[in-house]
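Worksheet: one structure, shown below.
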Amino acid sequence: SCSRAKDVTMPAKLPVNFFSTRSPVIDLFRGQLDYADQLRQDSEIVLYFFYAPWCGQSIAAREEIEHVASRLSDQVLFVAVNCWWNQGKCRKQKHFFYFPVIHLYHRSFGPIEYKGPMSAVYIEKFVRRVMTPLLYISSRSKLLDFLSNYEPGVVGFFEFNASPQPPGYLTFFTSALHSLKKDYLGTIRFGVVTDKRVAEEISLVHSGSVYLHRHANTSLIYPKDIMNFTAENICKWALENREMLIRWLRPHGGKSLLLNNELKKGPALLIFIPYNPLAEIHPLLDEITKVALEYHKCNKSQAAEADLQHVGDSGSPAFDSSVTDAHLEFSETFPIAKYPCCNTVVLPQWHSISRTHNVCELCVNQTLGVKPNKVHVPHCNFLEIEAALDSFYLQEHTFFQVISNTIECSNFLSFYSPFSYYTACCRTVNRHFLSFISSEKTIFQTPRVAFSSHGKKDNTQFSIPHIEDRNCFIPDLNISSTNITGLSCRTNKTLNLYLLDSNLFWIYAERLGASRSTHLKEFAAIVDLKEEVHYVLDQNQSLVGPTL
């Protein structure tokens, strides 16, 4: 009888060097993990590069790691470990789902996994952050530089006079390493101040105090009385309370929901810029930061409040004689805010011949009221805008007929309140109005504004008399032109701002409408998934603050 032949398996070939023998990277190609741990004991900073020799990404990253090692090998120990060979300890002890994997250790602290782009400049930047997690702030000017950065900043004040290592300093140092472990983009920067006079600039008086700087919101001081002063707590507190004006998006190249998850949050401004993380200055990034700060700057200064008061007392719309005939006595005006609640409405019907449509800015305004004393009017809410839109759509036929290059404004009463009215300012624009908007003046900014009375004919009993003797907008009713200060708080269409490195992710820009032939890889687009709209900044215009 014939017996069945047994399966024969060929044993795996012995592994060979992955890195050159002349490389500054120590290559443990047999997966000697125990020897790797032994090497770590003698070095302050160690980078482990776990690879599979057959893996395309590991082969591509090899050159990047060698480049970083050639620059930093005098300060950092670079160790590569083959984690694929089935006889090696690395394969038996580690269970990675992907390759390559980069782990960093700062003395005994680690592993800190690097999850950023496999590009030499990004890897080097991250290694340098692990080497010096705290930035020493020695003067007032350095403090201002540190705080003006778009990334959130945490500052600790520690006096080194009393002892070589003041209490709490090591904890603060470790918290900076913890933040790199939890946030591989390294968005929170940690700094330390040792001079009492510099610390007083940010109201830090006691040694061991920690300060979190925020641009648009109130800055915070770590609440020692509520939370224990531990590295994990400081890191958690900073991550939970940080302010993200701009976020970096770095898709890893595989299947991912990164873009989907961000775009679901709301309208997004995606800005593509060529970025070198190792450069000392980033002028283009500074321009974008200024725009982001203006956009999120919601708190009004006392000077602005005084100006508002002045406008409220002297420059508000006056009713004409027909209101006086109605025997209504108005004591004074009640402007709701320097910037009223406004919502842009694009009327859906196109003019068939000229291919134009009307764009209206609908605003809710507090009117004159029969009120004896000045009261604080609460800030508008979106229910008011919703009510205004309902009223507007009931009368929208009156806004279709107008074809005008100037802005024409019409007022109509609220159905719900005798003390508020709505203002609709409309203008006719053609299909290609985007290029017009991106110039110095927007569609709602003209030197002289013509007022007319749409809808008076149909609803005379409801309409408020219109202002026809004014040449220009009253500031309270002005539709903000190119001034975006505090715009994120004046509309419910808040834009989330995102940055992408065009050196790495230009393919995304091309999918969003960027030209492939451009020599300058700068591009900006607004994507709104909910409204299914997508705006592209003209690439012939330079990507600077005013254009954005």
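The values are calculated or read from the model by the stated rules, or taken from the named source; none is laboratory data. This is a predicted model, so every value here is computed, not measured. FYI the Cβ positions are ideal-geometry reconstructions off the backbone, even for glycines, and counts take in every protein chain you see. Heads up: the accessible areas ignore ligands, DNA and RNA and are worked out on the full protein's heavy atoms, side chains in. Shrake-Rupley method; radii C 1.70, N 1.55, O 1.52, S 1.80 Å.
Considering segment 139-161, and only residues there that are in contact (Cβ under 8 Å) with a residue 12 or more places away in the chain and part of a loop (DSSP other than H, G, I, E, B), the residue that is farthest from the chain's Cα centre (by Cα) turns out to be F160. Looking across segment 84-138, the residues that are over 20 Å from P152 (Cβ atoms), part of a helix (DSSP H, G or I) and of a type in the set (K, R) come down to K89, R91, K92. Taken over segment 185-209, the criterion of being within 29 Å of the chain's Cα centre (by Cα), assigned to a loop (DSSP other than H, G, I, E, B) and of a type in the set (G, A, S) is satisfied by G186, S203.
Do the conditions hold for D37, that is, is it more than 21 Å from I112 (Cβ to Cβ) and among the acidic types (D, E)?
Criteria not met by D37.
Residues in segment 285-292: is at least one part of a loop (DSSP other than H, G, I, E, B) and not aromatic (F, W, Y)?
no
Screening the candidates L269, L245, L263 for the property of being surrounded by 17 or more Cβ atoms within 10 Å (Cβ to Cβ) and at pLDDT below 90 yields one hit, L245. In a residue-by-residue description of segment 14-22, the property of being among the small types (G, A, S), over 14 Å from W85 (Cα atoms), open to solvent by less than 70 Å² (accessible area, probe 1.4 Å) and in the same structural domain as M118 (by the TED database) applies to no position. Taken together, the residues in segment 153-189 that are open to solvent by 10 Å² or more (accessible area, probe 1.4 Å) and not polar (S, T, N, Q) amount to 16. Looking across segment 486-514, the residues that are without any contact (Cβ under 8 Å) to a residue 12 or more places away in the chain and open to solvent by 70 Å² or more (accessible area, probe 1.4 Å) come down to I507, R511. For G110, indicate whether it is modelled with pLDDT of 90 or more and closer than 30 Å to S256 by Cα. Here the answer is no, as G110 does not meet what is asked. The one condition from (1) in contact (Cβ under 8 Å) with a residue 40 or more places away in the chain; (2) open to solvent by 60 Å² or more (accessible area, probe 1.4 Å); (3) farther than 22 Å from P117 by Cβ that Q57 does not meet is (3). Look at segment 189-211: where a residue is over 16 Å from P133 (Cα atoms) and a partner is hydroxyl-bearing (S, T, Y), sitting 6+ places away or on another chain with Cβ atoms under 6 Å, you get I202/Y211; L204/Y211. Screening H213 against (1) open to solvent by 40 Å² or more (accessible area, probe 1.4 Å); (2) farther than 24 Å from H534 by Cβ leaves a single unmet condition, (1). Scanning segment 217-226 for residues that are in contact with a Leu (Cβ under 7 Å, 6 or more places away or on another chain) and either of a type in the set (S, T, Y) or assigned to a loop (DSSP other than H, G, I, E, B) (or both) turns up just one, S219.
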